[in-house]
Amino acid sequence: MRKKLVYTPPANGYPEWNNNPEIYRLNRMDAHASLMPFDTIEEAWDGDHNKSSNYLSLNGQWKFAFAANAESRIVNFYEADYDHSQWDSITVPAHWQLQGYDYPQYTNVRYPWDGNEDIKPPFAPTAYNPVGSYARTFTVPSEWDGKPVFISFQGVESAFYVWLNGELVGFSQDTFTPSEFDLTPYLVDGENKLAVEVYRWSDASWLEDQDFWRMSGIFRDVYLYSTPEAHIYDYFVHTELDEQCLDAELIVDAKLLNYFVRPIGKITLEAALYDANRAAVFPSPLTIQTQVEGEELTSVQLRAAVSNPLKWSAEQPNLYTLILSLKSEDGTLLEAISCKVGFRKFEIKDGLMQINGRRIMFKGVNRHEFSCDTGRAINEADMRKDIELMKQYNINAVRTSHYPNNSLWYELCDEYGLYVIDETNLETHGSWTYGQKELGTTVPGSRPEWTGAVLDRCNSMLQRDKNHASIVIWSLGNESFGGGNFIKMHDFLREADPSRVVHYEGAFHYRESDAASDIESHMYTSPQGVEQYARSNPQKPYILCEYSHAMGNSCGGLHVYWEVFEKYPVLQGGFIWDWIDQAIRVTDESGTVKMMYGGDFGESPHDGNFCGNGLIFADRTVSPKLQEVKKVYQNAKFEAIDLKNGTIKVTNRHLFSALNSFRLAWQVAINGVSVEAGTVEAAAQPESEETLTIPYMLPKLSSISEEAVLSVQLLLKEQTLWAEAGHEIAFEQFVLPAPIEPIIGLVPAKPAVHAELSATALLVSGESFTAQFDLANGSLASYVWNGSERLLQGLTPNFWRAYTDNDRGNQQHLRCATWREAGTERVLQAMTWELEASSATIHVQYSLPTTTESLLSIIYTVSGDGEINVYEKLQPGAGLPEIPEIGMLFQMPASFDQVSWYGKGPDETYWDRQTGGKLGLYAGSVQDQLVPYIRPQECGNKMDVRHAAVTNAKGEGIVMKGAPHFELNVLPYTPFELEAHDHIHLLPPSNKTVVRVNHKQTGVGGHDSWGQLPEKEYILFANQAYSHQFSIKGL
C-alpha cells in the first residue's frame, strides 16, 4: 500500500494557493500519456474509455457551497461527518459562474482583479476571490477490490485541494492539464466522501492571463480508474521515418509500475500494430519480458522496422492502432491499452518546416475552447462541429490558444487530419507592455520562483499529448515576453521530444530569448512587414501565429497575406485569430435571446466585445468571413490560358493528393443561368500543374447586357468523415470572351414623358409612373409605379457606413466624422432640368459641409418607360480624410422585404474580402441580410452587382441595374441606427427597408482591430474625384 500524504503547511505562513509559486502540486501523480486500462483486447480495440470496466465517471450532480473569499468559506466541509445534504446541487463539469454563482468576467490583457485589489505577483486576491466547495459520495465497484484506484481531474480552474473521507489527498494548480491522485490508501468499504475546494484565483492565475472569459470550477471530466497492480503507467510511441520518408521504425518506450511493491514474477509487455482494416502489421506482437521491482517505474523499450507504412498528414490522416498488452508470467492478460499511431516526420530541414519531406503551409486558425452555453466545458458534439467546419473550409491547422485543450480534441485532430500547435497553459500579458526593453517585473521572466511551475506546465502538456500524430509543434505559451525561463522550457521540450519543433512568439519582443523558439513567429505583422522579413536573409522559418484579426466584420485583405506567403518559401503560413466568438447566450424573462459580452454582467474591469473575434458565431453558425477563408486557403489555383478555346491552367497545391482523387466540374452560365455543364479529368500530381481544356461551346450573347461566366469546381469524389461526396474544396470563375450577336432592326420609340412644376416639386411622369423631385433639396423624393409608392424616403447621397469594430479600432469613425452627415446636411446650389419628348434630365449640384467644402453633382435621366438613370460625381475638398463609402441611400416601405441580385454571393462581400464570393443569382429576405455580429455594424454588402431587385410578396418593387456594376446593401436599418445600438438584440423592430447603392465603400480590413487600416488599394482616399451611375425602375 502506498503511503498517505503527510501534510506540512508552507513555511511562509501562506496557504499553497497564495504567495507560494514554488508550490503547484502536493501528492499529485506524475503526468503521463492519456490512457485507460481495458480487460480485453476487444475493448482496447474500440478504445472507448467510458466502456472500460476500469472506469467510473464522477460527472453529474455534486453538492456545492459558494463563498466570496477564503475567509468566509466553510473550512471543515471536507470532514467525513460534515452534513452537506442541504447544500445546493451543481453540475460537474461546468463553470459555477454559469450556474447562478458569482459572475463571468471577460478581459483581454488586464488581470481580472485590476482596480479592485492592489496586489503584485505572486500574491493572489483575497478580498474577493470566490471559493467553491464541492462534495459527493461514491462507492468503488466490487470488481476493483484489492486493486489501486486513482482519481483524474481533467480540468479545474484555478487551484484546488482534494480530500477523501476527511483526509487531505493533495493539491494542484494548472487549469488545463490533468491532475491525478492515488486514492487507494484513503478508501473505505462502502460509501466514500469526496470533497474538493476550488479557488477562482490563485498565485498561478498570474500565469493564466489569457484573452478569454474568466470563469472557474471543475469544468472538465472527473473520473475514477483502476489498474492491476502491475500496470503500464506511461508510454511514448515514436515513428522514425528514414531520410526518404519511406520506411519507418516503430519505437515504444514504456514505463511499468508494480503498485504494491511485492513479488509478482516476470511480466511481459506486448505491442501489436494494426492497420485501418484491422490487419496485423507484424507477423507476431513485439514482446519484452522484465521484472518490475521497487517503487520506481521500470522502463522498457520495444522497436521494429515497418516497411513503407501509410503516412499521416492533414490531407491523408492514415492511422494505425497500437495495442499494448501486459501479461503475467503465466500468460494471463493483466491489462490492455491502445492508441492511434500516425507515421509522420516533422522537421526543420534546409531552413524550412517539412512534413514527410514536403514544405508545409499552415492554413490555420487559433481556437479557444468555448460554447455560448457552457463556456469552456465543451462536449464532443461541439468539438466535432468545429473540426468538420474547419475541414470543410480548407483550414488545415489549429493552435490551441492558449492552453492544452480537452484530450478528445487531439484524438479528433488525429482522426480528421489537422496540424496542431499544442500550447502550454501560460500567458502573462498583463505583467508587461509592448515596447519594453528589460524584463523588469515580468512574469515569469527569469525569476527562479516561477521556474518549477512553468516547467511543470510544459511537462504536463507533453506527457499527456505526446502520442498524437497531429501535434507537430509545442508552444511555450502566449504573450508572456521573455526571459531565462523560456530557454529552460524550450530546452526541456527539445530534450524530451526531439521529434517536434518548439515555438514561442515572445522571442520577437525580447531577443535575448531568441533561442527559446525554433521558428520566427509574429503576431499581426502587416503583409509588407512579412515580406520584409523574407527579404532580410532570414535564419528561421516564419509563421504568423496570429493574424487577420476576425473581430466583427473583418478578414479583409486576407488574400494579400497569401500573395506574399506564396512568393517566399521561408514564409509558411499563419493562424487567424480566432475561431469562435466568445459570447455568452442568455435568455431573459421575456424569452429574448441575448449574446452577452464583456461588461454585460456588471463586472469590472472588462474589455467589451473584444471577445467577438470568431470566424464562426458563438452559437457555432458560420459567419461570412469563412467564405473568404475557404477561397484563400484552397489547395488548387485556376488560371486562364485561352478562354476562347477553353484552356485553363490548374496548379495543385496539395502536398500528398493528386487531382485525380477529386472531380473537376464546370459550368457555363449566362447572367447566372446555366446553359452548359460537364466534368473533365484532372491528374496533376501534388505540387505540380497541368493545362486542361474545358469542352464548352463558347456561347453567343444576344445583347451587351448579357455575359457568359465559366465556373470550375474541384469536388470530393467520395464521402469523408467531414463532408459529403460533391463537397467543393476549390473554385474559380472566368468571364468568357463571348461574342454578341449583332442587333438589326428598328429601335422602337420610347414612351413620352411629361413634366409638371408645382410650388415644391418637379413631377416627371409617363404611362405607368410619376417621379417627384423636391425643389428644396433636389432629391428624387417620390417614385410612384402603377399607382403605388415605392419610396418611403427619397434618394440621398451617402458617404457613411455603420462603423465596424476595425473602423473603431483605427479611429475611422472619429477621423472621418466629417463625412457622417455630409449627405444629409448637403446644401443645394443648383437644380436645372431639360425636357425632351421621351426623357427628362435633372441636374443637381450640392455643396457638402465637410471640413473643407466638397462638391457633389447628381444627374437624373428619366425615360418614358419609367427607368431613372442616376449619375453621381463627388469632388472631395482639399486635405480631407478617407471616405467610408460613396453612394446613394433610399428607403422603401417594410412590405418590400425581399431582395434578389445577380452579383457576388451568397454571403456578404467587400472590396477587400470578395475572392470567396461567386458571381451568380441569389435571393433572400431583407432581414436575413443583417449579419448578427455581436455588436451591430456594417454588414450585408454585395460586390459586383449587375442587377438587383427589392420586392414585396407580389413581386412588386424596384429593379436596379449597374453601369456596369455597383455595390448593394439592403437592410432593415440605416447605418446610423446600427451604430446607435451596441447589441444585436437591442435593435428595435424596423418599419422600413434601407437600400444603399454604392460606387464603393472602403474595405473592412482586419490585419488587426486596434490601429491598422485596410490595404491602401481598398481605401477611398479623398484626393480624387469619384463618379458612378446606375438605374432604377419599377416592377
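Nothing in this text is a laboratory measurement; each read-out follows from the coordinates by a stated rule. Fair warning: this is a prediction, and the values are worked out from it, not measured in the lab. Positions of Cβ are backbone-derived with ideal geometry, glycine not excepted, and every protein chain shown enters the neighbour counts.
Gap in Å between the Cα centre of the stretch 671-736 and the Cα centre of the stretch 576-604?
Answer, in whole Å: 42.
Between S1027 and A640, 0.36 nm times their residue separation minus their Cα-Cα distance comes to what? Write down the numbers at each step before the final one.
Values: separation 387, 0.36 × 387 = 139.32 nm, distance 3.08 nm.
Contour length minus Cα-Cα distance gives 136.2 nm.
Under 5 Å between amide hydrogens, which residues at least 5 positions from Y910 or on another chain qualify, with H placed 1.01 Å from N in the peptide plane?
Close amide H contacts, sequence-distant or interchain: none at all.
What distance in nm lies between label points placed 7 Å from Cα along the C-beta direction at V747 and F260?
In this crude label model, V747 to F260 measures out at 10.4 nm.
Going down the table (K120/K363; K942/K1033; K644/K717; K644/K904; K700/K918), which pairs top 31 Å between alpha carbons?
Pairs exceeding the cut-off: K120/K363.
Cα axis of helix 451-465 to longest principal axis of the chain: angle in degrees, 0 to 90, nearest 10?
Tilt relative to the chain: about 80 degrees.
Any idea what % of Cα-Cα pairs in the stretch 347-630 are farther than 29 Å?
Summing the P(r) of the stretch 347-630 above 29 Å gives 33 percent of all pairs.
Only counting other Cβ atoms within 10 Å, I'd like K954, K700, K918, K594 sorted with the fewest neighbours first.
On the way: K954 9, K700 12, K918 21, K594 17.
Lowest count first: K954, K700, K594, K918.
Name the residue from C611, L571, T442 whose Cα lies farthest towards the positive end of the charge dipole of the stretch 347-630, charges +1 on Cβ of Lys and Arg and -1 on Cβ of Asp and Glu.
Going by the Cα projections, it comes out as L571.
Mind listing the phi-derived Karplus ³J(HN,Hα) values for the stretch 119-128, rounded to whole Hz, using 6.51, -1.76 and 1.60 with θ = phi - 60°, and x for any glycine or proline?
10, 10, x, x, 6, 9, x, 10, 5, 10
Testing the spin-label approximation: label points 7 Å from Cα along Cα→Cβ at A658 and L855. State their distance in nm.
In this crude label model, A658 to L855 measures out at 6.6 nm.
Could you tell me the calculated FRET efficiency between D350 and E767, based on Cβ-Cβ distance and R0 = 51 angstrom, to the nearest 0.05?
For R0 = 51 Å, the calculated efficiency reads 0.10.
About the Cα centre of the chain, how large is the charge dipole given +1 on each Lys and Arg Cβ and -1 on each Asp and Glu Cβ? Please answer in debye to the nearest 20.
Computed charge dipole of the chain: roughly 1800 debye.
At R0 = 35 Å, how high is the FRET efficiency between T332 and R494 if r is their beta carbon distance? Nearest 0.05 is fine.
0.30
Test of understanding: ordering R996, R25, R494 by Cβ neighbours within 10 Å, fewest first, what list do you get?
Exposure proxy ranking, most exposed first: R494, R25, R996.
Please compute the length gained on full extension between E836 and D253, using 0.36 nm multiplied by the number of residues separating them and subtracting their Cα-Cα distance.
Extra length available between E836 and D253 comes to 200.6 nm.
Taking the Cα centre of the stretch 347-630 as origin, work out the dipole magnitude from +1 charges on Lys and Arg Cβ and -1 charges on Asp and Glu Cβ, in debye rounded to 20.
Charge dipole of the stretch 347-630: 700 debye, to the nearest 20.
Could you calculate the contour length gain from V75 to E22, that is, 0.36 nm times the residue separation minus the distance between their Cα atoms, to one decimal place in nm?
So the chain would gain 16.7 nm between V75 and E22.
Could you order peptides 926-934, 324-332, 743-751 by the average number of other Cβ atoms within 10 Å of their residues, highest first? Intermediate values should be presented prior to the final figure.
Values: 926-934: 19.4, 324-332: 15.2, 743-751: 8.3.
Listed from highest to lowest mean packing, they are 926-934, 324-332, 743-751.
Greater than 18 Å separation of Cα atoms is the criterion. Which listed pairs, K3/K147; K873/K1016; K311/K540; K147/K327; K4/K147; K311/K345, meet it?
Too far apart for the 18 Å limit: K873/K1016; K311/K540.
Determine ³J(HN,Hα), in whole Hz, for all residues of the stretch 999-1008 in sequence, where each value follows from phi through the Karplus function 6.51 cos²θ - 1.76 cosθ + 1.60 and θ = phi - 60°; x replaces Gly and Pro.
So the J values, rounded to whole Hz, are 5, 6, 10, 4, x, 7, x, x, 4, 8.
Using only helices, what value at 222 nm comes out for the chain when you add -39,500 (n - 2.57) per DSSP H run of length 4 or more and divide by the total residues, to the nearest 500 deg cm²/dmol?
Helix-only estimate at 222 nm: -2500 deg cm²/dmol.
Could you derive backbone 3J(HN,Hα) for the stretch 488-503 from the dihedral phi with the Karplus parameters 6.51, -1.76 and 1.60 (θ = phi - 60°), listing whole Hz in sequence and x where the residue is Gly or Pro?
With coefficients 6.51, -1.76 and 1.60, one gets 5, 5, 4, 5, 4, 5, 5, 6, 6, 8, x, 7, 10, 8, 10, 10 Hz.
For K193, which aspartates and glutamates qualify as cross-link partners when the Cα separation must be under 13 Å and same-chain residues fewer than eight apart are set aside?
The reachable aspartates and glutamates, counting only those whose Cα sits under 13 Å from K193, are E79, D81, D83, E167.
Considering the dipole of the stretch 754-1030 built from charges on the beta carbon (Lys and Arg +1, Asp and Glu -1) around the Cα centre, which of I858, H754, L971 is farthest to its positive end?
My answer, from the dipole projection, is L971.
Scattering from the C-alpha atoms of the chain alone, worked out with Debye: what is log10 I(q)/I(0) at q = 0.09, 0.10 1/Å?
With no solvent term, the Cα-only Debye profile gives -1.06, -1.24.
Could you size up the charge dipole of the stretch 754-1030 around its Cα centre, putting +1 on the beta carbon of Lys and Arg and -1 on that of Asp and Glu, and report it in debye to the nearest 20?
That gives a dipole near 280 debye.
Just for the chain, what percent of DSSP beta bridges are antiparallel, to the closest 5?
Just about 90 percent of them are antiparallel.
To make sure I understand, if each residue's beta carbon is the centre and we count other beta carbons within 10 Å, what order do T679, T525 fall in, fewest to most?
Fewest-to-most Cβ neighbours within 10 Å comes out as T679, T525.
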